[in-house]
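The values are calculated or read from the model by the stated rules, or taken from the named source; none is laboratory data. All values reported here derive from a predicted model rather than from experimental measurement. When we count neighbours, we look across all protein chains shown, and the Cβ atoms used for this are built from the backbone with ideal geometry, even at glycine.
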Amino acid sequence: MLDLKLKPCPFCGGFPKIIVCDDEGNIHSEDYIDNPYSGIGFMLEHNIEDNPNCPIANHSGEPCGCTIYDTLDESVNTWNNRYKNTEPVSGDWIIKVQ
C-alpha cells in the first residue's frame, strides 16, 4: 500500500494493518481504491494471528473498533494518538460477575 508511519501497539509492540472498505464497512482488496463504486473508507486491524499475546487483538479481517475513517491519514493519526493522562484512574471499573 502506501508508506505509512504507524506506531507500535502500546500493549504488545506489534503493528496494525489498514483495511480498505466501502462506506458500509464491507472489506475490499487494495484494488478497490482505484474504482470505489460504493464509497471508500479505512479501518484498522490488529489481529491475533500476528500478535498472539495482545489483549486488544481481534481475528484476522476484523477491525479494531467500529469506526470507518474517511482517509488514510485519519486512520493513521487515530492509531498513533496516545492519551497523555499519567494519573491513575480509580473507581468501580471492574465488572463483577455474580
Test set (1) within 13 Å of the chain's Cα centre (by Cα); (2) modelled with pLDDT under 95 - Ile33 fails condition number = (1)
query = For Asn77, which of the numbered conditions (1) modelled with pLDDT of 95 or more; (2) in a helix (DSSP H, G or I) fails to hold?
reply = (1)
remark   = In the stretch 41-57, anything of a type in the set (A, V, I, L, M, F, W, C), surrounded by 18 or more Cβ atoms within 10 Å (Cβ to Cβ) and part of a loop (DSSP other than H, G, I, E, B) is listed as Ala57
ask   = Any chance the stretch 25-35 includes a residue that's more than 12 Å from Ser75 (Cβ to Cβ), in a strand (DSSP E or B), in contact (Cβ under 8 Å) with a residue 12 or more places away in the chain and touching a Cys at 6+ places or on another chain (Cβ under 9 Å)?
value = yes
query = So which residues in the stretch 58-73 are of a type in the set (A, V, I, L, M, F, W, C) and part of a loop (DSSP other than H, G, I, E, B)?
reply = Cys64, Cys66, Ile68
message = Which of the numbered conditions does Ile27 fail, given that it passes all the others? Conditions: (1) farther than 25 Å from Tyr83 by Cα; (2) touching a His at 6+ places or on another chain (Cβ under 8 Å).
response = (2)
inquiry  = Step by step: first the residues of the stretch 18-40, then only those that are within 15 Å of Cys66 (Cα to Cα) and of a type in the set (D, E, K, R), then the one that is surrounded by the most Cβ atoms within 10 Å (Cβ to Cβ). Which residue is that?
reply    = Asp22
